[in-house]
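Working notes, structure below.
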Amino acid sequence: MTSTDPNLVSVTLNGRTIAATKGELIITAAERHGEYIPRFCYHERMDPVGMCRMCLVEVDTGRGPQLTPSCMVTVAPDMKIDTASPMVKQVQEGVLELLLANHPLDCPVCDKGGECPLQDQAFSHGPGESRFVEEKRHYEKPIAISDLVYLDRERCILCDRCTRFADEVAGDALIEFSSRGGNTQITTFPDEPFASYFSGNTVQICPVGALTAKPYRFKARPWDLEQNESTCTTCSVGCRTIVQSSRDQVLRYQGVDSAPVNWGWLCDKGRFGFESVNSDERLTTPMVRTSGGLVPTSWSAALGAVADLVRESIAAGGADSIAVVGGARGSNEDAFAWAQLAHDVIGTPNVYAQMGDGLPAAVLGLDRATIDDVASATTIVLLGPDLKEELPVLYLRIRDAAVKRGRHIIEFTPKPGGLTKHAWKTIGYEPGTQLAAVEAALADPAVAMQLAKGPVAIVAGRANLAETSTATVLALQAILAAVPSAKVLPALRRGNVVGALQVGVRPRPGGLDTTGVLQAAAAGRIECLVLLGADPLADFPDADLARRAIAGARRVIAVDTFLSASSLQADVVLAASAVGEKGGTTTNLEGRVTSLGRRVTATGTSRPDWMIASGIAGLLGTEFGYRSIADVTASIAARVESYANVTATAVASAPDGVLAAVPADLGPLVPPVLSLPDRNSYDFRLVVSRRLYDDAVSTRTSPSLAHLAGCMTVHVNPLDIERAGAHDGAEVRLSSARAGIIVTVESDATVLRGTVWVPFNQPGSTIGELIDCTAAVTDVRIENI
Amino acid sequence: MARLNDSNVRLAHEIIGRYPRARSATIPLLHLAQEQDGYVTNEAIRHIGELVGATSAEVLGTCTFYEMFKMEPVGKYLINICGTMSCALMGADELMHRAEHKLGIKPGATTPDGMFTLEHAECQAACTEAPCLQVNYRYRYRITPNELDALIDDLRAGKLDGEIPPHGTVARVRQHIPADRLVGAVAPEDVTGPPVWLADNHEVQS
């Protein structure tokens, strides 16, 4: 075959001529052309190592056939590949006989049995019999290498997949081979467990049953599992998943390799957070407040009560006195139906999906970057939260871009984080001085030259909950002014926050955002506050305002899966279905719309939010006419301009989802006015940000994750500790102009001098007491007690 | 003592400076740790990880790959008796038997006074001189059981101190590479021109 395409290489595969891609490995070229070569160590998202020898094939490059590991050699012109010769068969049998020599063959009690590459390939390519009659190697049966992952060294075939993943993909090289030869084993360092945010992936990619996940051990056999493809809504990255259940209970999430999004990886919070869906604490019925507190009731009574509360509120203060906050945790359909109910039926402009920790919705109207745009940009500008903590799989993609693909990261941050060590330049700033930091960086000729080299993508979000978004927005605008072609990926955190904002859960003209709503409620101007899966008491940065707002709102209606701190205060609580119990679509931070898989029956009598909204609308005299979720999906496509292409058919036929258009109706990003306070006697500037594991309801009610949250300590630079007259481990009073709390000091060299860092919403956290959500920044002082 | 002491930390930084990438110094630093404590402690592994920018697990993986790095305390003298073919034919078993009796320990063990550790070794590449053994990796050729007894007595009496330093000693004379002799610690990806040593020797070809 003569090909004129310089990117194609003509090779012979089992006697027929194929056109492989230049630089392609034999193993992938053969697979693309219908010849699956068995393998254990090779994984398409990691560098090949040639550890297992299972993929040996005969390759003739003109010197006669040679046994060659097909995962280690790229195709070359006129190469002759034989994947099924008698020699190859014999080698495959030999490799399997050796791998099985020490393998315990405890398949009947092994979680992997039934979905095990070793089992499958022993059947398809193995010799059937072993000549090994000696005693097998024995190790202590599973040892916990982390809180979530168990290692059975007898089953391990030393393929290097987990250790490569830990080092190459996650950047947490906490597991390694130790010793040599027949004594080689996977090990952690004593007292340093495999505490990676991504440890669950090693269980999924383990080709044998050596690594098992604690939440799934002995729960089901693969052939008993039923599964649906779905999307993880733990954060807004929107990783594709398979939801697996048995006997109407969700038992496991597996990552699906979606090329533009997650590459098959999931973070542990996303992978194991499904446990909260099965929690005994789930709300099973609606509840109404009586003199004796919240009591279970019927749906008709609860919805009737809600309709009454809404009518009373309109009568008392007009539609404007009703406000809806939240809605970023459900599906697009949930958000759309509630936006319809609030805007069109009730007639209030006060609707908002963010909880005072994001950026103005107008950011979504900027030229939007996809994750691929970010990963392939020459320069990636980070102006937002620590992605490892808030959007973990986006962290993996950007880490890969920097480490393996030579992309340059310019990071602006108030506290170094997961990507700092991979950044080309890290510019630390004191909260409030983002603009100055960006301007100084742009004036640096090296930075200017780097930005001019090629496409620039900006990942923008809120790095600090103890300041308003003002300074960040100004900095973002400065970068965009310098690099007008730069695309922006909004690093907003909650699962469907982008979808909710885009389908309409945002204020109409004259309406209030969440901060405005809470301020109005605290001032007694809100007759009815609707919380859509929102828990301001735990989640809103300003604890004092949240408390006054919940107390000041005359009527509170909560739609929730759990009785949270806030929904416990409500007059009516409506039990909502959780992910896995409902279908629909969700939108990730790129605007990518994917399907949610409904796998199990909803808990108790809980209903999806869209059905609740539709029921309330009916009682208020407007029938939405939705008979199924598909009707809502169709309604979004018909009525939301940017979702015109997002039909149920389009989503169902696109495995990687459909990109919604960038909404044109969000208005310009108005440059805000920044006024920084004087320091006075408060000598440290406060930085508060999230950790992956915190005290959120979904984490607290997942038994495997609940204990992974840390505790609230104030992290201070070692040099500042001395200045403050404190010491590591000391209890001090940390005060802002607002309040003072007692907290333990932790020495942390990554904290910038002049700032202190406190994690948000850890168990027992009181840091919200110090934060005034209207103040541009929060200054604090440390006092010894 | 567990972590590297101050003078060894200074030496460690000097060693790290010889390489374009800090983690290339892992093995030399493990030798340094073994020299300091007679074996490689977990604390030293953690310290080396901090010094070269690797995780403790990575340093542990490297350390355990090499049998000459000991993770447990060993005696002042490590006696390795070769038991491979030539030595076996020439009386290695008798030699080992005598050593066991003389020292009162089995291979792999250490005498209670901490003086001797006895080990089986594979071929030491001195087959023409069989049977052979090593004391702290110093050869003794064509050795008889009686000579072994005498060797152990001499070691215990300190008569061989000048010849055989305690286990773990890397060198008795420290190597210090003057700055002008360093070839230049440039990472491979940062190399732009011809190799540095060619430039130093004025051998760059145009």
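On the basis of being outside the structural domain of B:G114 (by TED's automatic domain parsing), surrounded by fewer than 22 Cβ atoms within 10 Å (Cβ to Cβ), more than 16 Å from the chain's Cα centre (by Cα) and more than 26 Å from B:A179 (Cβ to Cβ), does B:R21 make the cut?
Numbers: outside the structural domain of B:G114 (by TED's automatic domain parsing): yes; surrounded by fewer than 22 Cβ atoms within 10 Å (Cβ to Cβ): yes; more than 16 Å from the chain's Cα centre (by Cα): yes; more than 26 Å from B:A179 (Cβ to Cβ): no.
Taking the combined requirement at face value, the residue does not satisfy it.
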Given the conditions (1) within 12 Å of the chain's Cα centre (by Cα); (2) more than 14 Å from chain A (Cβ to nearest Cβ); (3) part of a helix (DSSP H, G or I), which single one is not true for B:L78?
(3)
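Report yes if A:R247 is touching a helix residue (DSSP H, G or I) at 6+ places or on another chain (Cβ under 9 Å), over 19 Å from A:T701 (Cβ atoms) and of a type in the set (D, E, K, R), otherwise no. If you could, list the steps in order and put the result at the bottom.
Details: touching a helix residue (DSSP H, G or I) at 6+ places or on another chain (Cβ under 9 Å): yes; over 19 Å from A:T701 (Cβ atoms): yes; of a type in the set (D, E, K, R): yes.
Answer is yes for this residue.
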Taking A:D147 as meeting all but one of (1) touching a Pro at 6+ places or on another chain (Cβ under 6 Å); (2) more than 11 Å from A:V208 (Cα to Cα), write down the number of the exception.
(1)
Among the residues of the stretch A:137-152, is any surrounded by 21 or more Cβ atoms within 10 Å (Cβ to Cβ), acidic (D, E) and modelled with pLDDT of 95 or more?
yes
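Taking the stretch A:216-241 as the region of interest, how many residues are surrounded by fewer than 22 Cβ atoms within 10 Å (Cβ to Cβ) and in a loop (DSSP other than H, G, I, E, B)? I'd like the intermediate steps shown before the answer.
The first filter runs over the stretch A:216-241 and keeps only residues surrounded by fewer than 22 Cβ atoms within 10 Å (Cβ to Cβ), leaving A:216-229.
Now restrict to residues that are in a loop (DSSP other than H, G, I, E, B): A:216-221, A:225.
Counting residues in the stretch A:216-241 that are surrounded by fewer than 22 Cβ atoms within 10 Å (Cβ to Cβ) and in a loop (DSSP other than H, G, I, E, B) gives 7.
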Residue within the stretch A:588-597 that is crowded, with 20+ Cβ neighbours inside 10 Å and either more than 25 Å from the chain's Cα centre (by Cα) or hydroxyl-bearing (S, T, Y) (or both) present:
yes
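Conditions (1) part of a loop (DSSP other than H, G, I, E, B); (2) β-branched (V, I, T); (3) buried (at least 20 other Cβ atoms within 10 Å of the Cβ), marked per residue:
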| residue | (1), (2), (3) |
| --- | --- |
| A:R691 | yes, no, no |
| A:G725 | yes, no, no |
| A:V732 | no, yes, yes |
| A:T750 | yes, yes, no |
Any residue at all in the stretch A:171-184 that's in contact (Cβ under 8 Å) with a residue 60 or more places away in the chain, closer than 17 Å to A:S146 by Cβ and within 14 Å of chain B (Cβ to nearest Cβ)?
yes
Restricting the stretch A:194-215 to residues that are within 19 Å of A:P703 (Cα to Cα) and within 14 Å of chain B (Cβ to nearest Cβ), which is farthest from the chain's Cα centre (by Cα)?
A:F194
Output for the stretch B:39-69, where each listed residue is surrounded by fewer than 19 Cβ atoms within 10 Å (Cβ to Cβ) and within 13 Å of another protein chain (Cβ to nearest Cβ)
B:N42, B:E43, B:E50, B:G53, B:F65, B:Y66, B:E67, B:M68, B:F69
Take the stretch A:128-163 and flag every residue that is in contact with a helix residue (DSSP H, G or I) (Cβ under 8 Å, 6 or more places away or on another chain) and under 23 Å from B:A57 (Cβ atoms).
A:R137, A:D147, A:L148, A:V149, A:I157, A:R161, A:C162
Spot the failing condition for A:A30; the list is (1) under 27 Å from A:G264 (Cβ atoms); (2) surrounded by fewer than 18 Cβ atoms within 10 Å (Cβ to Cβ), and only one is missed.
(2)
Taking A:V662, is it of a type in the set (A, V, I, L, M, F, W, C), in a loop (DSSP other than H, G, I, E, B) and touching a strand residue (DSSP E or B) at 6+ places or on another chain (Cβ under 7 Å)?
yes
Return the residue satisfying two criteria in turn: it lies in the stretch B:111-148 and is among the acidic types (D, E) and under 14 Å from B:A92 (Cα atoms), and of such residues it is surrounded by the fewest Cβ atoms within 10 Å (Cβ to Cβ).
B:E122
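From B:E72, B:E14, which residue is over 21 Å from B:I143 (Cβ atoms), away from every other protein chain (no Cβ under 14 Å), surrounded by fewer than 18 Cβ atoms within 10 Å (Cβ to Cβ) and charged (D, E, K, R)? Can you show your working first?
Working: B:E72 fails: away from every other protein chain (no Cβ under 14 Å).
Unique residue meeting the criteria: B:E14.
Among the charged types (D, E, K, R), touching a residue at least 40 places away in the same chain (Cβ under 8 Å) and under 16 Å from A:S567 (Cβ atoms): is that true of A:R329 in this structure? Lay out the reasoning, then the answer.
Values: among the charged types (D, E, K, R): yes; touching a residue at least 40 places away in the same chain (Cβ under 8 Å): yes; under 16 Å from A:S567 (Cβ atoms): yes.
So A:R329 fits the description; yes.
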Testing A:W338 on (1) crowded, with 24+ Cβ neighbours inside 10 Å; (2) in a strand (DSSP E or B), one condition comes back false. Which one is that?
(2)
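Any residue that is farther than 11 Å from A:V503 by Cα, in contact with a Pro (Cβ under 6 Å, 6 or more places away or on another chain) and not assigned by TED's automatic domain parsing to the domain that holds A:V345 - is there at least one of those in the stretch A:649-659?
First pass over the stretch A:649-659, keeping only residues farther than 11 Å from A:V503 by Cα: A:649-659.
Remaining after also requiring in contact with a Pro (Cβ under 6 Å, 6 or more places away or on another chain): A:656.
From the residues that got through so far, the ones that are not assigned by TED's automatic domain parsing to the domain that holds A:V345 too are A:656.
Yes, the stretch A:649-659 contains at least one residue that is farther than 11 Å from A:V503 by Cα, in contact with a Pro (Cβ under 6 Å, 6 or more places away or on another chain) and not assigned by TED's automatic domain parsing to the domain that holds A:V345.
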In the stretch A:624-646, which residues are touching a helix residue (DSSP H, G or I) at 6+ places or on another chain (Cβ under 8 Å), surrounded by fewer than 19 Cβ atoms within 10 Å (Cβ to Cβ) and either among the acidic types (D, E) or not in a helix (DSSP H, G or I) (or both)?
A:G625, A:A644, A:N645
Does the stretch B:23-43 hold any residues that are under 23 Å from B:F116 (Cα atoms) and either modelled with pLDDT under 95 or not hydroxyl-bearing (S, T, Y) (or both), and which are they?
B:L30, B:H31, B:L32, B:A33, B:Q34, B:E35, B:Q36, B:D37, B:G38, B:Y39, B:V40, B:N42
With criteria (1) part of a loop (DSSP other than H, G, I, E, B); (2) over 29 Å from B:V186 (Cβ atoms); (3) away from chain A (no Cβ under 14 Å), B:R98 comes up short on (1)
Inside the stretch A:278-306, can you point out the residues that are modelled with pLDDT of 95 or more, in a helix (DSSP H, G or I), crowded, with 16+ Cβ neighbours inside 10 Å and out of contact with any Lys or Arg (no Cβ under 8 Å at 6 or more places or on another chain)?
A:A302, A:L303, A:G304, A:A305, A:V306
If a residue must be away from every other protein chain (no Cβ under 14 Å) and farther than 22 Å from A:V393 by Cβ, how many such residues does the stretch A:135-152 contain?
12
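Kindly provide the set of residues from the stretch A:307-328 that are farther than 16 Å from A:Q340 by Cα and not small (G, A, S), ordered by number.
Going through the stretch A:307-328, the residues farther than 16 Å from A:Q340 by Cα turn out to be A:308-309, A:311-318, A:321.
Of everything in the stretch A:307-328, those that are farther than 16 Å from A:Q340 by Cα and not small (G, A, S) turn out to be A:D308, A:L309, A:R311, A:E312, A:I314.
Here is a yes/no grid of residues against (1) closer than 30 Å to A:R282 by Cα; (2) at pLDDT 95 or above; (3) within 31 Å of the chain's Cα centre (by Cα):
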position: A:Y693; (1), (2), (3): yes, yes, yes
position: A:A696; (1), (2), (3): yes, no, yes
position: A:A709; (1), (2), (3): yes, no, yes
position: A:E722; (1), (2), (3): no, no, no
position: A:T774; (1), (2), (3): no, no, yes
position: A:N784; (1), (2), (3): no, no, no
Scan the stretch A:564-587 for residues that are among the aliphatic types (A, V, I, L, M) and within 20 Å of the chain's Cα centre (by Cα) and jot them down.
A:A578, A:V579
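The values are calculated or read from the model by the stated rules, or taken from the named source; none is laboratory data. Source: prediction; values computed, not measured. With ideal geometry, Cβ positions are generated from the backbone for all residues, glycine too; neighbour counts draw on all protein chains shown.
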